[in-house]
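K.L.:
Before we start, here is the structure in question, set down as structure tokens.
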Amino acid sequence: MIASRARERAALREGGKRLAQILGKIIAEVRPGVSTLELDRLAEKLIVSAGGEPAFKGYRTHAGERPFPASICTSRNDEVVHAIPRADMILNGGDILGLDIGMCWPLKIQNPGVGLITDMAVTVAVGKISPQAEKLLHVTRQALAIGIKALRSGIRMGDLGHAIQKHIEEQGFGVIRELVGHGVGRLLHEAPNVPNYGTPGQGLAIGEGMILAIEPMATMGRPEVRLDRDGWTWRTKDGSLAAHFEHTVIVTKTGAEILTEV
């Protein structure tokens with residue numbers, strides 16, 4: 001999406017700020033013994049109470065696909081993204097947990113059926129985790145910040161992807177190729193794709209006003225992934241840990257404005 005109207009930008013800013021606040025409350029409930037379904041129920045309650053709608057629930061990437069049944073994705077350890085919350089998925093100390101959440105915020109509060117979507121994710125520690133897992137989270141979070149810092153109108157998609165890839169690989173981690181960031185706004189997933197790898201000077205020119213979900217995904221081992229039989233959960237092929245961080249941003253002439261932060 002390209003946000004050209006002040007009303008659109010205001011809705012994205014408000015929705016993004018509220019989404020970040022909601023995610024903060026969910027993170028505060030992450031601890032050993034909690035099920036991922038409990039976190040999902042809290043997320044849906046908070047989104048609806050805020051005046052938004054869960055962007056993930058009922059989502060399909062194509063016709064005929066099983067709709068996503070939850071309001072957040074809860075990806076644990078070797079699960080990279082899109083894991084479905086479950087009552088029997090109980091968090092243990094030493095786990096890492098990816099929390100991915102999206103919300104549709106109304107353009108007008110009196111018309112909740114018409115709105116704009118923001119999307120964000122973090123990976124958090126469950127209790128005490130290993131030093132290497134801590135490093136994986138730190139480096140992936142840094143890669144998101146580095147990618148956002150590289151953004152501005154006129155650069156190429158390869159410039160953005162290269163900045164993210166270079167940092168992750170220099171620290172000894174793998175960069176996933178099969179899964180990428182995306183445009184967002186009127187729909188949860190819009191053009192263009194936003195890879196976390198690339199060649200400087202190549203790819204689509206990034207323009208002012210673009211709304212992009214930037215989301216580095218890094219692995220502790222090999223970067224190859226596979227799709228589970230549930231049709232949604234992506235996990236590393238070698239069973240290594242994976243981390244995922246994401247912000248929705250609006251591209252400006254001189255940089256990028258992060259919409260999903262308090």
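K.L.:
Quick one: in segment 191-218, which of the residues that are closer than 24 Å to S75 by Cβ and among the β-branched types (V, I, T) is surrounded by the fewest Cβ atoms within 10 Å (Cβ to Cβ)?
P.N.:
It comes out as V194.
K.L.:
Among the residues of segment 161-218, which ones are among the aliphatic types (A, V, I, L, M) and touching a helix residue (DSSP H, G or I) at 6+ places or on another chain (Cβ under 6 Å)?
P.N.:
The answer is A163, I164, I168, V175, L204, I214, A218.
K.L.:
For segment 163-190, give me the residue count where each residue is loosely packed, with under 15 Cβ neighbours inside 10 Å and either part of a helix (DSSP H, G or I) or within 16 Å of the chain's Cα centre (by Cα) (or both).
P.N.:
So the answer is 3.
K.L.:
Checking R229 against (1) without any contact (Cβ under 8 Å) to a residue 40 or more places away in the chain; (2) within 19 Å of the chain's Cα centre (by Cα), which single condition isn't satisfied?
P.N.:
(2)
K.L.:
Sticking with this one: Given (1) surrounded by fewer than 19 Cβ atoms within 10 Å (Cβ to Cβ); (2) assigned to a strand (DSSP E or B), where does M120 come up short, assuming only one miss?
P.N.:
Answer for M120: the failing condition is (1).
K.L.:
Please determine whether any residue of segment 241-261 is more than 19 Å from the chain's Cα centre (by Cα) and of a type outside the set (S, T, N, Q).
P.N.:
Yes - at least one qualifying residue is present in segment 241-261.
K.L.:
Could you please find all residues in segment 57-88 being under 26 Å from H247 (Cβ atoms) and among the aliphatic types (A, V, I, L, M)?
P.N.:
A70, I72, V80, V81, A83, I84
K.L.:
Something else about it: Evaluate the following for R141: is it part of a helix (DSSP H, G or I) and either of a type in the set (D, E, K, R) or in contact with an Asp or Glu (Cβ under 8 Å, 6 or more places away or on another chain) (or both)?
P.N.:
yes
K.L.:
Let me ask something else about it. Looking at I26, I47, which one is under 21 Å from T123 (Cβ atoms), modelled with pLDDT of 95 or more, surrounded by 16 or more Cβ atoms within 10 Å (Cβ to Cβ) and in contact with a Pro (Cβ under 7 Å, 6 or more places away or on another chain)?
P.N.:
The unique qualifying residue is I47.
K.L.:
Return only the number of the condition from (1) over 30 Å from G51 (Cβ atoms); (2) modelled with pLDDT under 95 that P131 does not satisfy.
P.N.:
Going through (1) over 30 Å from G51 (Cβ atoms); (2) modelled with pLDDT under 95 one by one, P131 breaks only (2).
K.L.:
Got a sec? Which of P32, P54 is farther than 21 Å from E178 by Cα, modelled with pLDDT of 95 or more and more than 19 Å from the chain's Cα centre (by Cα)?
P.N.:
Of P32, P54, the one residue that is farther than 21 Å from E178 by Cα, modelled with pLDDT of 95 or more and more than 19 Å from the chain's Cα centre (by Cα) is P32.
K.L.:
Look at segment 224-244 and say how many of its residues are under 21 Å from K135 (Cα atoms) and either of a type in the set (D, E) or surrounded by fewer than 24 Cβ atoms within 10 Å (Cβ to Cβ) (or both).
P.N.:
Counting residues in segment 224-244 that are under 21 Å from K135 (Cα atoms) and either of a type in the set (D, E) or surrounded by fewer than 24 Cβ atoms within 10 Å (Cβ to Cβ) (or both) gives 8.
K.L.:
Further question on the same structure: Does segment 221-229 include one or more residues that are out of contact with any helix residue (DSSP H, G or I) (no Cβ under 9 Å at 6 or more places or on another chain), more than 23 Å from G147 (Cα to Cα) and assigned to a loop (DSSP other than H, G, I, E, B)?
P.N.:
yes
K.L.:
Checking G221 against (1) touching a strand residue (DSSP E or B) at 6+ places or on another chain (Cβ under 8 Å); (2) within 18 Å of G102 (Cβ to Cβ); (3) surrounded by fewer than 20 Cβ atoms within 10 Å (Cβ to Cβ): exactly one of these is not met. Which one?
P.N.:
(2)
The values are calculated or read from the model by the stated rules, or taken from the named source; none is laboratory data. These numbers were taken from a predicted model, which means no experiment stands behind them. Here Cβ is always computed from backbone atoms with ideal geometry, including for glycine, and neighbour counts include all displayed protein chains.
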